Each structure stands twice: as structure tokens, then as C-alpha cells.
Amino acid sequence: MGLIQRIIDWIDERAHVRELYKSLMIDYKVPKNLTFPYVFGVFALVTFVIQIVSGMVLLLYYKPSIADAFDSATYTIMGEIPFGWLFRHIHATGANFFMAIIYLHMFTGIYYNAYKKPRELVWIVGWLIYLVLILTALSGYLLPWGQLSYWGFIVTTEIPGSLADAPIFKDFFKAIAETIVLWMKGGYVVTDITLGRVFGSHVLIYPLLLLALVGVHLYLVRAAGISNPDGIEYDKKKHPDKFVPFHPYMTLKEGAYTMWYLAIFFFFVFFHISHFLPPDNFEPANPLKTPAHIAPEWYLLAFYEVFRSIPSKFWGFVAFSALLLFLLILPVLDWSPLKSARRRPLFFVAFLAFMYGSMALTILGSMEPTPLNAKLGMIFGAVVFGFFLSLPIISFIEYGWYKAKGGKEQ
Amino acid sequence: MTPWGVIKTIIFGGSTLVFFFILWFYNPFKHVEHYEVDEEVKEIIENPWKKVDEKSGKTIADEGRELFIQRCAGCHSLRYDGIYVAPVQADPRWKKVEQAAGRPVYRFGVLYKDRFFVPRDVYEAFAHEVLESFKSSFGQVPPDLSTIYLARGEGYLYRFILNPNEILPGTSMPPVFAGPSAKEETAKVVAYLKSVNTPPPQEQTKRAIMGVAVILYFVIFGALFWRYREVVLRRLGYH
């Protein structure tokens with residue numbers, strides 16, 4: 001018996017790790033027919049780890065003060081510190097990939113209706129993760145203290161301020177708007193104090209929240225079981241042939257996919273960073289010089305386009321928030337117990353409209369604001385709203401068909 | 001996979017790829033100004049580290065730095081390479097500030113003992129009166145040019161330095177290079193600005209080799225994982 005074996009035995013006698021490993025990895029069964037998009041959850045987890053590790057390295061050299069922030073990011077980290085550039089590239093790529101993977105993960109969840117009973121809590125916690133992730137991205141965006149960082153932050157913090165344009169109860173909404181803006185900025189102007197707050201939230205508060213929420217999310221997925229692309233909840237005891245052990249069946253498959261995902265990731269890190277560290281942000285923040293076109297990063301462009309294509313700022317803000325809220329209450333909107341777009345032709349069509357609608361909004365958001373752009377933004381905004389608002393009706397019709405065909409209660 | 005499954009894979013996979021291609025590679029809907037460097041001086045900006053004099057080992061970037069100190073440093077600082085506006089540089093007290101508050105410039109593995117990087121607030125406090133006088137005569141403080149190459153790109157800088165008013169009407173920046181060698185000198189200054197912000201060729205090669213190695217590692221290990229999985233699954237009787 002080798003020394004390593006004896007050490008493991010020694011630990012096992014005291015911590016019972018083998019039992020834990022067996023129950024978590026081998027006795028845990030997952031559906032055999034999971035499709036490729038189910039891997040996005042693992043990608044998100046891997047990217048999260050990458051972000052934490054690369055963020056820790058950047059944290060060693062970054063200085064959160066207005067005088068030093070830009071230089072510490074652009075001079076110290078990019079030039080003075082060996083491999084500092086690598087960690088900044090990884091962190092910037094990771095931020096973009098994280099949002100992209102989270103969107104793909106969300107769209108997968110919507111497509112397979114993974115938000116329905118018994119997985120409503122998984123969806124709600126996932127929605128919270130998405131919100132905290134947006135906050136993390138926004139706060140991290142300010143830290144390099146470039147022109148884009150500064151003006152992007154100003155514009156974002158001004159968005160809740162549009163509540164002040166309310167048609168009724170003006171004073172009431174104005175008070176709320178001012179409070180939110182003040183609370184986000186940490187003062188009436190952006191100063192060292194603001195940067196300190198944003199820095200603290202980005203490196204400590206939001207990551208801790210994310211860690212906790214991701215832990216809960218993973219627990220809930222295991223507790224409720226992974227959804228099935230077929231949309232049918234198979235019983236693990238009655239249909240053992242439909243399930244496979246998590247390890248080695250899933251772990252090796254997802255391991256291989258993760259390796260290939262990382263290959264793509266590092267292609268961007270080494271050879272294609274210009275879209276993640278945009279040129280405009282290499283100009284130090286200048287509060288006296290507003291750039292011509294300020295737009296948020298790509299992952300918020302769809303919301304931004306909805307916001308700016310509506311002529312009234314107040315209603316723009318309401319629409320913007322409504323979209324986020326619709327995502328949260330998806331399990332309520334789509335009320336029928338029928339699951340998975342595979343079995344739901346109407347939902348499949350609506351999903352396509354929703355997907356292309358959000359893509360079109362994102363691309364429109366990256367263009368200059370023209371009257372035509374605003375008109376198209378309104379149309380595609382209506383498509384996306386239409387998806388959410390038609391869900392109760394689609395549910396009703398499809399459930400009717402299902403019953404008429406003699407489908408059983410689920 | 002069923003034919004319908006193949007169609008769905010193409011629809012979803014294809015539109016996702018096209019979408020991210022537009023976002024992360026090339027967005028045909030977004031208008032971007034494009035500036036070109038003149039053909040005859042392109043070569044100068046191409047490789048700022050090229051030696052012009054074998055004996056002294058002087059490079060194009062070194063020549064550009066001298067030109068920068070002569071023609072640009074009257075108003076512009078370049079703190080990442082230890083250049084500060086002329087009135088400050090001429091102040092005998094500045095040497096002491098550099099020693100006390102700054103550190104020697106160290107960039108891409110090369111130490112420049114005679115150039116000092118001084119934190120922005122220290123420099124701006126020391127140069128306060130000079131910068132204020134610039135502000136009153138030009139309308140704004142001429143910006144520090146440490147990262148201007150990354151922000152604007154070589155085409156814009158070349159055109160702008162050659163003829164500021166054509167690119168930015170109403171700017172208080174005068175055309176500083178005139179005469180027959182104007183294009184060449186402008187190109188040398190741009191090459192210098194590039195050399196401050198871009199890693200030198202051997203460092204770039206090192207990074208490229210590292211990148212290829214990392215990518216190959218993941219591609220190969222992914223394939224090995226996949227192969228190993230098939231063996232394991234066959235042994236367990238899943239295939």
C-alpha cells in the first residue's frame with residue numbers, strides 16, 4: 001500500500017470523503033439525453049473561477065484612487081508587472097465570455113422551460129445571479145478609469161434618474177429617482193469616494209454574493225434534478241435506463257467541451273483582445289470632455305435600445321425594468337405544466353421571435369441613434385414584449401391541445 | 001440526430017455564431033472613421049525598433065523620442081516614458097521630485113534608469129502653474145500622450161499631427177512639422193508613440209508562441225478527454 005493511499009485512508013477515516021464523493025458524483029444520476037446547450041452551466045462555472053483567480057492577481061496591483069487608477073491599470077499592470085497584461089486580458093475576456101455564457105444559459109433554460117415546476121427556485125436564484133452579475137460588470141467597467149469607463153458609468157447611473165420624468169406624482173418619483181442616483185454614485189459628482197465604493201463592491205461584496213448565490217443555485221439544481229430536453233419528468237426508479245451516473249458519463253463529456261471552450265477563450269486572450277479592451281478606454285477619464293457616442297457594453301445594449309427608442313424617458317425606464325421583471329416571473333407567465341419547446345410548436349415559434357428580437361435590439365443598440373433606428377427599436381421591442389405577454393395565451397392553447405389529445409395531468 | 005434536429009442545430013448554432021461574430025469581430029452596421037498612413041512612410045511606423053545606425057544601436061523610436069522632446073514636449077507630457085512639459089523639465093527642483101516620488105521607467109522587461117515615472121497627482125501639483133497657463137492660452141491642458149497611440153491608432157495620429165485642423169477643425173494644436181521632411185518626421189513621432197505602448201517584436205513573438213501553446217494544449221487535451229470517455233463508457237457498457 002503506497003503512502004498516498006495511506007494518507008487518503010487516514011483522511012477518509014476522519015472525513016468520510018469517499019462516501020461523499022460516491023453520493024455526489026456516482027450515485028447522482030442525470031438524464032442520458034442531455035443536449036449540447038446543457039454544458040453552458042459548466043462553462044459559466046469555469047469562467048467564474050477564471051474571473052476570481054485573474055481578479056485576485058489584478059487586485060494586487062490596482063490602485064482605487066482617481067489619480068492612480070488609470071496608470072495602475074495601463075502602466076503598472078500592462079507594462080511593469082511581468083504577465084500583468086496576460087491577467088488583464090484574461091479578466092477582460094472572462095467578463096465578456098461570462099455574460100455571453102450566462103445569456104446562452106438563460107436562453108437554454110427558456111427553450112427547455114427549465115423554470116417550471118419543480119425548478120422555479122432554480123430560475124429565481126439564477127435571475128438574482130444575473131442581476132448581481134450585471135452590477136459586477138458595471139462596477140468593474142469603471143475601475144480602469146478610461147473615458148468609456150467614466151461616461152459609461154455616468155450614463156448608467158443617470159438611467160434611474162429618468163423616473164423624474166413621470167407624468168403623475170412628479171415629486172414622488174423625483175425623490176425616488178434622486179435617491180437611487182445618489183445611492184449609486186455615492187455623491188452628486190463622481191469622486192474618489194465613488195471609485196472606492198465601486199471598487200469595494202466589485203472586488204468583495206458582489207463576488208461574495210455571487211459565490212453564495214451560485215452555491216444555492218447548484219444545490220437547487222441537484223435537489224430538483226436536471227430538466228429533460230424531452231420535457232418529461234422520468235422517474236429515476238421506474239426508468240433507470242433513461243439515467244446515467246454523473247461521473248464518468250457527464251464529467252468526461254463536459255471536461256472535453258470545457259477544454260475546447262478554453263481553447264476559444266484563450267484565442268481571444270492572446271490574439272483578439274481589441275473588442276474587450278476597446279481603444280477609447282485607453283484615454284484617461286476626462287469629466288470635461290463628453291465623447292460623441294456613449295453606449296453601454298454589448299450585454300446591456302438590448303435593454304438600452306428599448307430604453308432609448310421610446311420617446312418618453314419615464315416609459316423607457318418602465319419598459320426596461322418590465323423586461324427584467326418579466327424574466328423573473330416567467331414561471332407565472334408560462335403557467336401550463338407542458339415543458340420543452342420540443343413538444344410545444346407555438347412556443348417554439350415564439351421563442352424564435354424572442355431570440356431574434358433580442359439579437360436585433362442588441363445590434364440596433366450598437367448603431368447611431370437615428371429616427372429609423374428608433375422605429376426599428378420600437379418594433380423589435382414590441383416583439384420581445386409580445387413574447388412575454390403571449391406566453392399565458394400560448395400556454396392556454398397548447399394545454400388545450402394536449403388535453404384534447406388525451407394527455408394526462410402532469 | 002433526426003433531420004429536424006440538424007435543422008434546429010443549424011438555426012440556433014448558426015445564428016449564435018453570426019451574432020457573436022458581429023459583436024466581437026466585425027460589425028458592418030457600426031460606422032467607424034478610417035485614416036490611412038501615407039504609403040511612403042508606412043515602413044517607418046511598421047517597425048519602430050528597427051536600427052537606423054548599426055554603430056550606436058539607435059532605433060527609429062529613439063529618433064522619434066528626440067523629435068518628440070524637441071517639438072512636442074513644449075506642451076505635451078508623456079509620463080509613461082519619463083517626458084514632462086519643458087518648463088517643468090527645466091526646473092532644477094523637478095529632478096529631486098522625480099527621485100523622491102517617482103520610479104525609473106520599466107517597460108516590457110527593459111529598465112530605463114534616466115527616465116522617471118511620476119504619479120499623476122504629484123506631477124500635476126508640481127506643474128500646476130504651467131498647466132494653468134497652458135489652459136488659459138489654449139483653452140484646455142494639452143493632454144498627456146502616454147496612451148494616445150492605443151486610443152487613436154496610427155492613421156489618426158499621423159493625419160492629425162501632419163494637419164491638425166483638417167482632422168479636428170478649431171483645434172488649438174498647430175502643425176509642428178513642415179517642409180520636405182514633414183511626413184517622415186511625423187511618421188517617426190508616431191513610431192515612437194507606438195513603441196511606448198506596444199511590446200517589442202521579440203516580446204510579441206514570445207506572446208504569440210505562448211498563445212499557440214496554450215490553445216494547442218486545450219485542443220489536444222479536449223480530444224484526449226473525449227477519447228478516454230469513449231473507452232470508459234465502453235467498459236461500463238453504455239455504448
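Whenever a residue of the stretch B:223-239 is in a loop (DSSP other than H, G, I, E, B), its partners that are of a type in the set (F, W, Y), lying with C-beta atoms within less than 8 angstrom and at least six residues away or across chains, give the pairs B:Y238/A:Y249. Determine which member of the set A:W151, A:W127, A:W85 is at pLDDT 95 or above, of a type in the set (A, V, I, L, M, F, W, C), in a helix (DSSP H, G or I) and open to solvent by 20 Å² or more (accessible area, probe 1.4 Å). After applying the criteria, what remains is A:W127. Among helices (runs of 4 or more DSSP H) entirely within the stretch A:245-333, having at least 2 residues that are assigned by TED's automatic domain parsing to the domain that holds A:A177 and modelled with pLDDT of 95 or more singles out A:251-271. Considering each residue of the stretch B:77-103, count those that are open to solvent by less than 30 Å² (accessible area, probe 1.4 Å) and not aromatic (F, W, Y), and give that number. The number of residues fulfilling the criteria is 10. Scanning the stretch A:387-410 for residues that are part of a helix (DSSP H, G or I), of a type outside the set (S, T, Y) and open to solvent by 30 Å² or more (accessible area, probe 1.4 Å) yields a count of 9. Against the numbered list (1) modelled with pLDDT under 95; (2) part of a helix (DSSP H, G or I); (3) buried (at least 21 other Cβ atoms within 10 Å of the Cβ), A:F354 comes up short only at (1).
Selection of the stretch A:224-250 for residues being within 14 Å of chain B (Cβ to nearest Cβ) and of a type outside the set (K, R) yields A:P229, A:D230, A:P240, A:D241, A:F243, A:V244, A:P245, A:F246, A:H247, A:P248, A:Y249, A:M250. When the stretch B:217-232 is filtered for residues that are of a type in the set (A, V, I, L, M) and facing chain A (nearest Cβ under 7 Å), the ones remaining, listed by number, are B:V219, B:V232.
Among the residues of the stretch B:140-174, what is the count of those that are open to solvent by 40 Å² or more (accessible area, probe 1.4 Å) and either more than 11 Å from chain A (Cβ to nearest Cβ) or over 15 Å from B:H76 (Cα atoms) (or both)? Residues flagged as open to solvent by 40 Å² or more (accessible area, probe 1.4 Å) and either more than 11 Å from chain A (Cβ to nearest Cβ) or over 15 Å from B:H76 (Cα atoms) (or both) within the stretch B:140-174 amount to 13. If you go through the stretch B:10-46 and keep only what is surrounded by fewer than 14 Cβ atoms within 10 Å (Cβ to Cβ) and in a helix (DSSP H, G or I), you end up with B:I10, B:I11, B:G13, B:G14, B:L17, B:V18, B:F21, B:E39, B:E40, B:K42, B:E43.
The residues of the stretch A:77-109 that are within 9 Å of another protein chain (Cβ to nearest Cβ) and touching a helix residue (DSSP H, G or I) at 6+ places or on another chain (Cβ under 6 Å), listed by number, are A:M78, A:W85, A:L104. Selection of the stretch A:37-79 for residues being in contact (Cβ under 8 Å) with a residue 40 or more places away in the chain, open to solvent by 20 Å² or more (accessible area, probe 1.4 Å), within 30 Å of A:I193 (Cβ to Cβ) and of a type in the set (A, V, I, L, M) yields A:I52, A:L59, A:I66. Being open to solvent by 30 Å² or more (accessible area, probe 1.4 Å), among the polar types (S, T, N, Q) and under 30 Å from B:V196 (Cβ atoms) is a condition met by no residue of the stretch A:240-261. Restricting attention to the stretch A:258-301, the residues that are under 21 Å from B:I215 (Cα atoms), of a type in the set (A, V, I, L, M) and without any contact (Cβ under 8 Å) to a residue 12 or more places away in the chain add up to 3. Would the stretch B:183-193 turn up any residue that is of a type outside the set (K, R), surrounded by fewer than 18 Cβ atoms within 10 Å (Cβ to Cβ) and away from chain A (no Cβ under 14 Å)? Yes: one or more hits.
Against the list (1) within 8 Å of chain A (Cβ to nearest Cβ); (2) in contact with a strand residue (DSSP E or B) (Cβ under 9 Å, 6 or more places away or on another chain); (3) at pLDDT 95 or above, the condition B:V214 fails is (2).
Here the condition is being crowded, with 16+ Cβ neighbours inside 10 Å, assigned by TED's automatic domain parsing to the domain that holds B:M173, outside any helix (DSSP H, G or I) and aromatic (F, W, Y); of B:Y106, B:Y123, it holds for B:Y106 alone.
Identify, please: which residue in the stretch B:21-39 is of a type in the set (A, V, I, L, M) and more than 14 Å from A:T362 (Cα to Cα) and is, among those, modelled with the highest pLDDT? This residue is B:V37. Screening B:E43 on (1) within 24 Å of B:K194 (Cβ to Cβ); (2) within 14 Å of chain A (Cβ to nearest Cβ) shows it passes everything except condition (2). For A:L195, the requirement of being assigned to a helix (DSSP H, G or I) and open to solvent by less than 60 Å² (accessible area, probe 1.4 Å) is met.
Test A:L372 against the criterion of being open to solvent by 20 Å² or more (accessible area, probe 1.4 Å), under 15 Å from A:Y111 (Cβ atoms) and over 25 Å from the mean Cα position of the chain (by Cα), and give yes or no.
Criteria not met by A:L372.
Filtering the stretch A:211-223 for residues that are open to solvent by less than 20 Å² (accessible area, probe 1.4 Å) and either within 13 Å of chain B (Cβ to nearest Cβ) or over 30 Å from B:V219 (Cβ atoms) (or both) leaves an empty set.
When the stretch B:47-73 is filtered for residues that are exposed (fewer than 14 other Cβ atoms within 10 Å of the Cβ) and in a loop (DSSP other than H, G, I, E, B), the ones remaining, listed by number, are B:K50, B:E54, B:K55, B:S56, B:G57.
Within the stretch A:336-344, identify whether any single residue is open to solvent by 40 Å² or more (accessible area, probe 1.4 Å), closer than 22 Å to A:R119 by Cβ and of a type in the set (D, E, K, R), and answer yes or no.
Within the stretch A:336-344, one or more residues are open to solvent by 40 Å² or more (accessible area, probe 1.4 Å), closer than 22 Å to A:R119 by Cβ and of a type in the set (D, E, K, R).
The set of residues in the stretch A:162-192 that are among the aliphatic types (A, V, I, L, M) and either part of a loop (DSSP other than H, G, I, E, B) or open to solvent by 80 Å² or more (accessible area, probe 1.4 Å) (or both) comprises A:A166, A:I168, A:V189, A:V190. Which residues, taken from the stretch A:253-269, are under 12 Å from A:V39 (Cβ atoms) and either facing chain B (nearest Cβ under 7 Å) or of a type in the set (F, W, Y) (or both)? Answer for the stretch A:253-269, where residues must be under 12 Å from A:V39 (Cβ atoms) and either facing chain B (nearest Cβ under 7 Å) or of a type in the set (F, W, Y) (or both): A:K253, A:G255, A:A256, A:Y257, A:M259, A:W260, A:Y261.
The values are calculated or read from the model by the stated rules, or taken from the named source; none is laboratory data. All figures in this text were calculated on a predicted structure; none of them were measured in a lab. When we count neighbours, we look across all protein chains shown, and the Cβ atoms used for this are built from the backbone with ideal geometry, even at glycine. The accessibility values were calculated without ligands, DNA or RNA, using every heavy atom of the protein model including side chains. Shrake-Rupley method; radii C 1.70, N 1.55, O 1.52, S 1.80 Å.
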